[in-house]
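Read through the structure below, which is laid out as C-alpha coordinates, and then see the notes.
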Amino acid sequence: MSPHRSPHGDGPTLPTPDSVLAELQQGEVKFLRLQFTDILGTTKNVEVPKSQFFKALNGDVTFDGSAVEGFTRVEESDMLLRPDLSTFLIYPQFSREEGERGRIARLICDVALPDGTPFTGDPRYVLRQQIERAQAMGFEMFVGTEPEFFLFERTATGLGSTVTHDKAGYFDLAPIDKGERIRREIANKLVEMGFEIEGAHHEVAPGQHEIDFRYAPALETADRIATFKFVVKRVALEYGLIASFLPKPMPGVNGSGMHCHLSLFQGSTNAFAQPEGEYGLSRTATQFIAGLLDHAQGITAITNPLVNSYKRLVPGFEAPVNIAWSTSNRSALIRIPSKRGNSTRAEVRMPDPSCNPYLALAVMLAAGLDGIQNDMEPPPAIQRNIFKMTVREKRHHRVKELPTDLREAVDELQKDEVIARALGEHVMDHFVEAKMAEWREYSATIHPWELERYLDLV
(Lines give C-alpha, C1' and ligand atoms only; values in the text may rest on other atoms or scores of the structure.)
Protein backbone atom coordinates (compact mmCIF):
# COMPACT_ATOMS: atom_id res chain seq x y z
CA MET A 1 0.00 0.00 0.00
CA SER A 2 2.66 2.47 0.97
CA PRO A 3 6.39 2.23 0.46
CA HIS A 4 8.43 1.68 3.60
CA ARG A 5 11.78 0.39 4.71
CA SER A 6 11.38 -3.20 5.80
CA PRO A 7 13.72 -4.79 8.33
CA HIS A 8 15.17 -6.82 5.46
CA GLY A 9 16.31 -3.98 3.20
CA ASP A 10 15.62 -0.56 1.77
CA GLY A 11 12.16 0.20 0.43
CA PRO A 12 11.18 2.06 -2.75
CA THR A 13 11.71 5.75 -3.34
CA LEU A 14 9.13 7.98 -1.65
CA PRO A 15 6.64 9.68 -3.99
CA THR A 16 6.54 13.41 -4.72
CA PRO A 17 3.55 15.68 -5.44
CA ASP A 18 4.42 15.51 -9.13
CA SER A 19 4.62 11.71 -9.20
CA VAL A 20 1.31 11.37 -7.34
CA LEU A 21 -0.32 13.90 -9.66
CA ALA A 22 0.90 11.86 -12.63
CA GLU A 23 -0.64 8.70 -11.15
CA LEU A 24 -3.92 10.52 -10.58
CA GLN A 25 -3.99 11.61 -14.21
CA GLN A 26 -2.90 8.23 -15.55
CA GLY A 27 -5.51 6.45 -13.43
CA GLU A 28 -8.24 8.85 -14.58
CA VAL A 29 -9.11 9.62 -10.97
CA LYS A 30 -11.92 12.14 -10.54
CA PHE A 31 -11.98 12.54 -6.76
CA LEU A 32 -9.29 12.51 -4.08
CA ARG A 33 -10.14 11.78 -0.45
CA LEU A 34 -7.97 13.43 2.18
CA GLN A 35 -8.35 11.10 5.16
CA PHE A 36 -7.61 11.66 8.85
CA THR A 37 -8.74 10.19 12.18
CA ASP A 38 -10.30 11.92 15.17
CA ILE A 39 -9.38 11.24 18.80
CA LEU A 40 -12.09 8.60 19.24
CA GLY A 41 -10.84 6.68 16.19
CA THR A 42 -13.48 7.69 13.65
CA THR A 43 -12.09 8.05 10.15
CA LYS A 44 -12.92 11.39 8.52
CA ASN A 45 -12.22 12.72 5.06
CA VAL A 46 -12.43 15.79 2.87
CA GLU A 47 -13.08 14.89 -0.78
CA VAL A 48 -11.79 17.20 -3.50
CA PRO A 49 -12.35 17.15 -7.29
CA LYS A 50 -9.66 17.16 -9.99
CA SER A 51 -9.44 20.94 -10.03
CA GLN A 52 -8.13 20.87 -6.43
CA PHE A 53 -5.60 18.02 -6.73
CA PHE A 54 -2.55 20.29 -6.93
CA LYS A 55 -3.68 22.28 -3.89
CA ALA A 56 -4.39 19.10 -1.93
CA LEU A 57 -1.02 17.52 -2.73
CA ASN A 58 0.75 20.59 -1.44
CA GLY A 59 -1.08 20.54 1.88
CA ASP A 60 -3.13 23.67 1.34
CA VAL A 61 -6.61 22.22 1.96
CA THR A 62 -8.25 23.48 5.17
CA PHE A 63 -11.17 22.11 7.18
CA ASP A 64 -13.23 23.16 10.18
CA GLY A 65 -11.54 21.50 13.16
CA SER A 66 -14.28 22.62 15.56
CA ALA A 67 -16.68 20.21 13.83
CA VAL A 68 -14.49 17.18 14.65
CA GLU A 69 -14.69 15.37 18.00
CA GLY A 70 -11.93 16.56 20.34
CA PHE A 71 -10.09 18.78 17.88
CA THR A 72 -10.43 22.55 18.42
CA ARG A 73 -12.81 25.23 19.63
CA VAL A 74 -14.93 27.34 17.30
CA GLU A 75 -12.70 30.39 17.71
CA GLU A 76 -9.63 28.49 16.47
CA SER A 77 -11.21 26.14 13.97
CA ASP A 78 -9.18 26.40 10.75
CA MET A 79 -6.85 23.42 10.29
CA LEU A 80 -4.67 22.13 7.46
CA LEU A 81 -4.51 18.64 5.96
CA ARG A 82 -0.92 17.70 5.14
CA PRO A 83 -0.96 14.51 3.01
CA ASP A 84 1.50 11.71 3.64
CA LEU A 85 2.28 10.93 0.00
CA SER A 86 3.50 7.43 0.89
CA THR A 87 -0.12 6.49 1.69
CA PHE A 88 -1.44 7.26 -1.80
CA LEU A 89 -3.63 4.61 -3.37
CA ILE A 90 -6.43 4.36 -5.89
CA TYR A 91 -9.47 2.55 -4.56
CA PRO A 92 -10.64 -0.54 -6.43
CA GLN A 93 -14.13 -0.47 -7.89
CA PHE A 94 -16.56 -1.65 -5.21
CA SER A 95 -19.66 -1.51 -7.44
CA ARG A 96 -20.61 -0.90 -11.06
CA GLU A 97 -22.45 2.28 -10.07
CA GLU A 98 -19.38 3.61 -8.31
CA GLY A 99 -17.24 2.86 -11.36
CA GLU A 100 -19.55 4.91 -13.56
CA ARG A 101 -19.06 7.97 -11.35
CA GLY A 102 -15.27 7.86 -11.75
CA ARG A 103 -12.32 6.44 -9.86
CA ILE A 104 -11.49 7.60 -6.35
CA ALA A 105 -8.08 7.83 -4.68
CA ARG A 106 -7.07 8.62 -1.14
CA LEU A 107 -4.23 10.08 0.89
CA ILE A 108 -3.91 9.81 4.66
CA CYS A 109 -3.10 13.18 6.16
CA ASP A 110 -1.41 14.67 9.17
CA VAL A 111 -3.33 17.55 10.72
CA ALA A 112 -1.57 20.90 11.15
CA LEU A 113 -2.39 24.32 12.54
CA PRO A 114 -2.69 27.29 10.15
CA ASP A 115 0.97 28.20 10.72
CA GLY A 116 2.02 24.72 9.62
CA THR A 117 2.99 23.32 13.03
CA PRO A 118 1.70 19.83 13.87
CA PHE A 119 -1.58 19.66 15.76
CA THR A 120 -0.91 17.86 19.06
CA GLY A 121 -4.47 16.48 19.10
CA ASP A 122 -3.89 14.51 15.88
CA PRO A 123 -3.69 10.78 16.80
CA ARG A 124 -1.23 10.22 13.96
CA TYR A 125 1.05 12.87 15.51
CA VAL A 126 0.85 11.10 18.88
CA LEU A 127 2.08 7.87 17.30
CA ARG A 128 4.79 9.69 15.35
CA GLN A 129 6.12 11.13 18.62
CA GLN A 130 6.56 7.66 20.11
CA ILE A 131 8.13 6.36 16.90
CA GLU A 132 10.67 9.18 17.08
CA ARG A 133 11.32 8.35 20.72
CA ALA A 134 12.02 4.74 19.75
CA GLN A 135 14.29 5.86 16.92
CA ALA A 136 16.29 8.00 19.37
CA MET A 137 16.85 4.80 21.37
CA GLY A 138 17.91 2.94 18.23
CA PHE A 139 14.68 0.99 17.65
CA GLU A 140 11.85 0.73 15.16
CA MET A 141 8.64 -1.07 16.10
CA PHE A 142 6.99 -3.41 13.63
CA VAL A 143 3.40 -4.55 14.17
CA GLY A 144 1.21 -7.32 12.84
CA THR A 145 -2.48 -7.36 13.76
CA GLU A 146 -5.32 -9.90 13.77
CA PRO A 147 -8.53 -7.85 13.51
CA GLU A 148 -11.79 -9.74 13.99
CA PHE A 149 -15.29 -8.66 12.97
CA PHE A 150 -18.87 -9.87 12.70
CA LEU A 151 -21.11 -9.96 9.64
CA PHE A 152 -24.81 -9.49 10.35
CA GLU A 153 -27.97 -9.56 8.28
CA ARG A 154 -29.99 -6.41 7.73
CA THR A 155 -33.65 -6.20 8.65
CA ALA A 156 -36.37 -5.87 6.01
CA THR A 157 -36.17 -2.09 6.47
CA GLY A 158 -32.40 -2.05 5.97
CA LEU A 159 -31.45 -1.54 9.61
CA GLY A 160 -28.77 -3.53 11.36
CA SER A 161 -29.40 -6.65 13.43
CA THR A 162 -27.39 -9.27 15.29
CA VAL A 163 -28.73 -12.10 13.13
CA THR A 164 -25.74 -13.92 11.67
CA HIS A 165 -25.50 -15.28 8.17
CA ASP A 166 -24.00 -18.67 9.19
CA LYS A 167 -23.57 -21.17 12.00
CA ALA A 168 -19.95 -22.06 11.24
CA GLY A 169 -17.12 -22.16 13.79
CA TYR A 170 -13.36 -21.73 14.08
CA PHE A 171 -11.53 -22.49 10.80
CA ASP A 172 -14.61 -24.27 9.38
CA LEU A 173 -14.51 -25.01 5.67
CA ALA A 174 -18.28 -25.39 5.32
CA PRO A 175 -20.81 -24.00 4.77
CA ILE A 176 -19.92 -22.12 1.63
CA ASP A 177 -22.08 -19.10 2.25
CA LYS A 178 -22.08 -15.33 1.97
CA GLY A 179 -19.44 -15.08 4.70
CA GLU A 180 -16.88 -17.10 2.79
CA ARG A 181 -17.54 -15.18 -0.42
CA ILE A 182 -17.29 -11.86 1.37
CA ARG A 183 -13.98 -12.82 3.02
CA ARG A 184 -12.54 -13.64 -0.40
CA GLU A 185 -13.88 -10.40 -1.84
CA ILE A 186 -12.42 -8.35 1.02
CA ALA A 187 -9.05 -10.09 0.61
CA ASN A 188 -9.08 -9.47 -3.14
CA LYS A 189 -9.85 -5.77 -2.71
CA LEU A 190 -7.10 -5.40 -0.11
CA VAL A 191 -4.58 -7.12 -2.40
CA GLU A 192 -5.55 -4.69 -5.16
CA MET A 193 -4.71 -1.90 -2.71
CA GLY A 194 -1.25 -3.29 -1.93
CA PHE A 195 -1.91 -5.39 1.18
CA GLU A 196 -0.10 -8.71 1.61
CA ILE A 197 -2.75 -11.01 3.07
CA GLU A 198 -1.38 -13.77 5.29
CA GLY A 199 -4.64 -15.55 6.11
CA ALA A 200 -8.42 -15.32 6.24
CA HIS A 201 -10.71 -17.65 8.16
CA HIS A 202 -13.93 -18.04 10.11
CA GLU A 203 -13.56 -17.32 13.82
CA VAL A 204 -15.08 -19.09 16.84
CA ALA A 205 -18.49 -17.40 16.97
CA PRO A 206 -21.17 -17.64 14.26
CA GLY A 207 -20.80 -14.78 11.78
CA GLN A 208 -17.32 -13.91 13.09
CA HIS A 209 -14.31 -13.58 10.79
CA GLU A 210 -10.64 -12.67 10.78
CA ILE A 211 -8.32 -11.46 8.02
CA ASP A 212 -4.63 -11.05 8.80
CA PHE A 213 -2.17 -8.92 6.85
CA ARG A 214 1.61 -8.79 6.95
CA TYR A 215 3.44 -6.89 9.68
CA ALA A 216 4.82 -3.44 8.91
CA PRO A 217 6.24 -0.37 10.70
CA ALA A 218 3.88 0.94 13.37
CA LEU A 219 2.59 3.99 11.49
CA GLU A 220 1.93 2.02 8.33
CA THR A 221 0.10 -0.67 10.31
CA ALA A 222 -2.15 1.94 11.96
CA ASP A 223 -2.93 3.36 8.50
CA ARG A 224 -3.70 -0.13 7.23
CA ILE A 225 -6.09 -0.87 10.10
CA ALA A 226 -8.10 2.26 9.27
CA THR A 227 -8.15 1.27 5.58
CA PHE A 228 -9.02 -2.35 6.41
CA LYS A 229 -12.09 -1.36 8.43
CA PHE A 230 -13.34 0.84 5.59
CA VAL A 231 -12.93 -1.95 3.02
CA VAL A 232 -14.64 -4.56 5.22
CA LYS A 233 -17.66 -2.32 5.78
CA ARG A 234 -17.80 -1.28 2.11
CA VAL A 235 -17.74 -4.85 0.77
CA ALA A 236 -20.31 -6.01 3.34
CA LEU A 237 -22.60 -3.21 2.17
CA GLU A 238 -22.45 -4.55 -1.39
CA TYR A 239 -23.62 -7.95 -0.11
CA GLY A 240 -26.49 -6.46 1.86
CA LEU A 241 -24.84 -7.21 5.20
CA ILE A 242 -23.46 -5.08 8.04
CA ALA A 243 -19.87 -5.51 9.18
CA SER A 244 -19.37 -4.65 12.84
CA PHE A 245 -16.15 -4.18 14.81
CA LEU A 246 -18.09 -3.94 18.08
CA PRO A 247 -16.11 -6.04 20.59
CA LYS A 248 -19.06 -7.98 22.04
CA PRO A 249 -22.22 -7.66 19.93
CA MET A 250 -23.80 -10.92 21.20
CA PRO A 251 -23.89 -12.57 24.64
CA GLY A 252 -22.71 -16.12 25.19
CA VAL A 253 -20.11 -16.20 22.40
CA ASN A 254 -16.56 -14.98 21.93
CA GLY A 255 -16.08 -11.29 21.29
CA SER A 256 -13.87 -9.68 18.64
CA GLY A 257 -10.29 -8.85 19.50
CA MET A 258 -7.40 -7.32 17.61
CA HIS A 259 -4.28 -9.10 18.83
CA CYS A 260 -1.16 -7.05 18.13
CA HIS A 261 2.19 -8.73 17.44
CA LEU A 262 4.95 -6.29 18.44
CA SER A 263 8.68 -6.46 17.73
CA LEU A 264 11.54 -3.99 17.86
CA PHE A 265 14.21 -3.93 15.17
CA GLN A 266 17.66 -2.39 15.12
CA GLY A 267 18.31 -2.02 11.42
CA SER A 268 17.64 -5.48 9.96
CA THR A 269 18.12 -7.26 13.30
CA ASN A 270 15.22 -8.26 15.56
CA ALA A 271 16.12 -6.78 18.94
CA PHE A 272 13.85 -9.28 20.73
CA ALA A 273 15.79 -12.33 19.54
CA GLN A 274 18.67 -13.85 21.46
CA PRO A 275 19.17 -17.62 20.96
CA GLU A 276 21.12 -18.07 24.20
CA GLY A 277 18.60 -16.10 26.27
CA GLU A 278 15.80 -17.65 28.33
CA TYR A 279 13.01 -18.65 25.93
CA GLY A 280 15.23 -17.32 23.12
CA LEU A 281 14.45 -13.73 24.20
CA SER A 282 16.84 -10.81 24.61
CA ARG A 283 17.06 -8.53 27.61
CA THR A 284 15.41 -5.85 25.45
CA ALA A 285 12.44 -8.16 24.88
CA THR A 286 11.89 -8.91 28.56
CA GLN A 287 12.23 -5.23 29.48
CA PHE A 288 9.67 -4.33 26.81
CA ILE A 289 7.30 -7.04 28.09
CA ALA A 290 7.78 -5.78 31.65
CA GLY A 291 6.82 -2.27 30.55
CA LEU A 292 3.67 -3.53 28.83
CA LEU A 293 2.65 -5.47 31.94
CA ASP A 294 3.45 -2.57 34.27
CA HIS A 295 1.28 -0.14 32.28
CA ALA A 296 -1.42 -2.63 31.20
CA GLN A 297 -4.09 -1.15 33.46
CA GLY A 298 -3.20 2.37 32.32
CA ILE A 299 -3.47 1.64 28.59
CA THR A 300 -6.68 -0.41 28.68
CA ALA A 301 -8.96 2.62 28.20
CA ILE A 302 -7.11 3.32 24.94
CA THR A 303 -6.87 -0.25 23.63
CA ASN A 304 -10.42 -1.09 24.78
CA PRO A 305 -12.27 2.24 24.61
CA LEU A 306 -15.98 1.35 24.68
CA VAL A 307 -18.41 0.46 27.44
CA ASN A 308 -18.99 -2.67 25.37
CA SER A 309 -15.26 -3.53 25.35
CA TYR A 310 -15.52 -4.81 28.92
CA LYS A 311 -18.27 -7.28 28.00
CA ARG A 312 -15.50 -9.03 26.01
CA LEU A 313 -12.88 -8.86 28.77
CA VAL A 314 -14.54 -11.46 31.00
CA PRO A 315 -13.48 -14.99 31.94
CA GLY A 316 -14.66 -17.90 29.81
CA PHE A 317 -14.40 -16.53 26.28
CA GLU A 318 -10.63 -16.63 25.58
CA ALA A 319 -10.13 -12.87 26.02
CA PRO A 320 -7.40 -12.00 28.56
CA VAL A 321 -8.33 -10.64 31.97
CA ASN A 322 -5.08 -11.43 33.80
CA ILE A 323 -1.93 -9.31 33.55
CA ALA A 324 0.70 -11.96 32.92
CA TRP A 325 2.87 -13.34 30.12
CA SER A 326 3.53 -16.79 28.75
CA THR A 327 5.36 -18.62 26.00
CA SER A 328 2.92 -21.51 25.78
CA ASN A 329 -0.71 -20.57 26.44
CA ARG A 330 -3.30 -18.05 25.34
CA SER A 331 -4.78 -17.26 28.75
CA ALA A 332 -2.10 -14.62 29.41
CA LEU A 333 -2.27 -10.98 28.37
CA ILE A 334 1.01 -11.33 26.46
CA ARG A 335 1.99 -14.48 24.59
CA ILE A 336 5.33 -15.16 22.91
CA PRO A 337 4.63 -17.17 19.72
CA SER A 338 6.96 -20.10 19.08
CA LYS A 339 8.89 -18.71 16.10
CA ARG A 340 12.25 -17.12 16.86
CA GLY A 341 14.93 -15.27 14.92
CA ASN A 342 13.52 -12.34 12.97
CA SER A 343 10.00 -13.59 13.77
CA THR A 344 10.44 -13.15 17.54
CA ARG A 345 7.59 -11.02 18.84
CA ALA A 346 5.22 -10.32 21.72
CA GLU A 347 1.53 -10.91 21.03
CA VAL A 348 -0.58 -8.47 23.07
CA ARG A 349 -4.06 -10.01 23.27
CA MET A 350 -5.97 -7.25 25.03
CA PRO A 351 -6.82 -4.70 22.26
CA ASP A 352 -10.11 -4.84 20.42
CA PRO A 353 -10.92 -3.50 16.93
CA SER A 354 -12.97 -0.53 18.21
CA CYS A 355 -9.79 1.23 19.35
CA ASN A 356 -8.11 4.16 17.65
CA PRO A 357 -5.18 2.29 16.02
CA TYR A 358 -2.82 5.28 16.22
CA LEU A 359 -3.37 5.85 19.93
CA ALA A 360 -3.39 2.13 20.75
CA LEU A 361 -0.02 1.50 19.09
CA ALA A 362 1.37 4.72 20.59
CA VAL A 363 0.56 3.74 24.18
CA MET A 364 1.80 0.16 23.75
CA LEU A 365 5.07 1.46 22.33
CA ALA A 366 5.35 4.04 25.12
CA ALA A 367 4.79 1.34 27.75
CA GLY A 368 7.39 -0.97 26.24
CA LEU A 369 10.00 1.77 25.87
CA ASP A 370 9.44 2.76 29.49
CA GLY A 371 10.27 -0.81 30.43
CA ILE A 372 13.54 -0.59 28.48
CA GLN A 373 14.52 2.84 29.81
CA ASN A 374 13.89 1.80 33.42
CA ASP A 375 15.42 -1.68 33.06
CA MET A 376 12.22 -3.35 34.25
CA GLU A 377 12.10 -7.05 35.05
CA PRO A 378 8.89 -8.94 34.28
CA PRO A 379 7.51 -11.49 36.71
CA PRO A 380 8.22 -15.12 35.76
CA ALA A 381 6.33 -16.38 32.72
CA ILE A 382 3.28 -18.48 33.59
CA GLN A 383 2.97 -21.60 31.44
CA ARG A 384 -0.23 -23.01 32.96
CA ASN A 385 -3.84 -22.00 32.27
CA ILE A 386 -4.34 -18.82 34.29
CA PHE A 387 -8.13 -19.06 33.93
CA LYS A 388 -8.02 -22.16 36.20
CA MET A 389 -5.76 -20.67 38.89
CA THR A 390 -7.17 -19.84 42.31
CA VAL A 391 -7.06 -16.34 43.80
CA ARG A 392 -4.27 -17.46 46.13
CA GLU A 393 -2.25 -18.84 43.21
CA LYS A 394 -2.67 -15.61 41.27
CA ARG A 395 -1.45 -13.61 44.25
CA HIS A 396 1.56 -15.92 44.58
CA HIS A 397 2.45 -15.29 40.94
CA ARG A 398 1.78 -11.53 41.25
CA VAL A 399 -1.01 -11.67 38.67
CA LYS A 400 -3.17 -8.56 38.63
CA GLU A 401 -6.34 -8.09 36.60
CA LEU A 402 -7.35 -5.66 33.89
CA PRO A 403 -10.01 -3.03 34.65
CA THR A 404 -13.51 -4.48 34.67
CA ASP A 405 -15.37 -1.52 33.16
CA LEU A 406 -14.74 1.70 31.28
CA ARG A 407 -14.93 3.89 34.39
CA GLU A 408 -12.22 1.87 36.14
CA ALA A 409 -10.10 1.89 32.97
CA VAL A 410 -10.29 5.69 32.68
CA ASP A 411 -9.35 6.01 36.36
CA GLU A 412 -6.27 3.85 35.74
CA LEU A 413 -5.37 5.89 32.66
CA GLN A 414 -5.47 9.10 34.68
CA LYS A 415 -3.12 7.59 37.28
CA ASP A 416 -0.52 6.55 34.70
CA GLU A 417 1.82 9.50 34.15
CA VAL A 418 3.89 7.73 31.49
CA ILE A 419 0.87 6.99 29.30
CA ALA A 420 -0.68 10.42 29.92
CA ARG A 421 2.58 12.04 28.84
CA ALA A 422 2.70 9.88 25.70
CA LEU A 423 -0.83 10.92 24.71
CA GLY A 424 -0.19 14.59 25.38
CA GLU A 425 -2.39 17.01 27.28
CA HIS A 426 -4.82 17.72 24.43
CA VAL A 427 -5.60 14.09 23.59
CA MET A 428 -5.64 13.05 27.23
CA ASP A 429 -8.09 15.76 28.30
CA HIS A 430 -10.49 15.29 25.40
CA PHE A 431 -10.37 11.50 25.50
CA VAL A 432 -11.12 11.36 29.24
CA GLU A 433 -13.91 13.92 28.88
CA ALA A 434 -15.55 11.96 26.06
CA LYS A 435 -15.24 8.60 27.81
CA MET A 436 -16.60 9.86 31.12
CA ALA A 437 -19.59 11.36 29.30
CA GLU A 438 -20.12 7.98 27.62
CA TRP A 439 -19.94 6.21 31.00
CA ARG A 440 -22.40 8.60 32.65
CA GLU A 441 -24.89 8.14 29.83
CA TYR A 442 -24.55 4.34 30.03
CA SER A 443 -24.89 4.35 33.81
CA ALA A 444 -28.11 6.38 33.65
CA THR A 445 -29.72 4.09 31.05
CA ILE A 446 -32.21 1.40 32.11
CA HIS A 447 -31.18 -1.82 30.36
CA PRO A 448 -33.53 -4.70 29.41
CA TRP A 449 -31.61 -7.08 31.70
CA GLU A 450 -32.51 -4.97 34.73
CA LEU A 451 -36.20 -5.04 33.90
CA GLU A 452 -36.20 -8.79 33.23
CA ARG A 453 -34.31 -9.46 36.45
CA TYR A 454 -35.92 -7.08 38.93
CA LEU A 455 -39.24 -5.64 37.70
CA ASP A 456 -41.46 -8.38 39.14
CA LEU A 457 -39.06 -9.31 41.92
CA VAL A 458 -38.99 -6.10 43.97
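The values are calculated or read from the model by the stated rules, or taken from the named source; none is laboratory data. Treat the numbers as computed from the prediction; the structure is a model and nothing was measured. Every residue, glycine among them, receives a Cβ derived from its backbone with ideal geometry; neighbour counts consider all protein chains shown. Side chains included, ligands, DNA and RNA excluded: accessible areas come from the protein's heavy atoms. Shrake-Rupley method; radii C 1.70, N 1.55, O 1.52, S 1.80 Å.
Fully extending the segment from Thr120 to His397 would add 95.7 nm, taking 0.36 nm per residue of separation and subtracting the current Cα-Cα distance. Suppose R0 equals 25 Å. What FRET efficiency, 1/(1 + (r/R0)^6) with r the Cβ-Cβ distance, do Val253 and Arg283 give to the nearest 0.05? Step by step, r from the Cβ atoms, then E = 0.05. Here the simple spin-label model places points 7 Å from the Cα toward Cβ, and for Asn188 and Glu47 these points are separated by 2.4 nm. 3J(HN,Hα) couplings calculated from phi for segment 365-380 with the Karplus curve 6.51 cos²θ - 1.76 cosθ + 1.60 (θ = phi - 60°) are, in sequence order, 5, 4, 5, x, 5, 5, x, 5, 5, 9, 6, 6, 10, x, x, x Hz; Gly and Pro show x. Dividing the convex hull volume of the alpha-carbon atoms in segment 209-321 by its residue count gives 143 Å³ per residue.
Residues whose amide H comes within less than 5 Å of that of Leu281, counting only those at least five positions distant or on another chain, are Gln274 (H built at 1.01 Å from N in the peptide plane). In this structure the amide hydrogen of Lys400, modeled in the peptide plane, comes within under 5 Å of the amide hydrogens of Ile323, none closer than 5 places in sequence on its chain. Solvent-accessible area assigned to carbon and sulfur over segment 238-337 amounts to 51 percent, based on a 1.4 Å probe. Take every pair of alpha-carbon atoms less than 8 Å apart whose residues are at least six positions apart; their mean separation over the length of the chain yields a relative contact order of 15 percent. Taking 7 Å steps out from each Cα toward its Cβ at Asn374 and Glu450 produces label points 3.9 nm apart. With a cut-off of 10 Å between beta carbons, the residues surrounding Ile242 carry a summed charge of +1, where Lys and Arg count +1 and Asp and Glu -1. Sites count as exposed loop sites when they are GluC sites (Glu not before Pro), lie in a DSSP loop, and have at most 10 other Cβ atoms within 10 angstrom; the longest stretch of the chain without one is 29-275. Would you give the gap between the C-alpha center of segment 388-458 and the C-alpha center of segment 359-386, rounded to a whole Å? Going from one Cα centre to the other spans 21 Å.
Backbone geometry of segment 217-229 corresponds, through the Karplus equation with coefficients 6.51, -1.76 and 1.60 at θ = phi - 60°, to 3J(HN,Hα) couplings of x, 3, 5, 5, 5, 4, 4, 5, 4, 4, 5, 4, 5 Hz, x marking Gly and Pro. Using a simple charge model, +1 on the beta-carbon of Lys and Arg, -1 on the beta-carbon of Asp and Glu, nothing else, what dipole does the chain show about its Cα centre, in debye to the nearest 20? Using Cβ point charges on Lys, Arg, Asp and Glu, the chain gives about 1040 debye.
Computed on the Cα atoms alone, the convex hull of segment 337-412 gives a volume of 165 cubic angstrom per residue. Gap in Å between the Cα centre of segment 289-321 and the Cα centre of segment 183-240? Segment 183-240 and segment 289-321 have Cα centres separated by 23 Å.
Only DSSP H runs of four or more residues enter the estimate; each adds -39500 (n - 2.57), and after division by the residues of the chain the mean residue ellipticity at 222 nm equals -10500 deg cm²/dmol.
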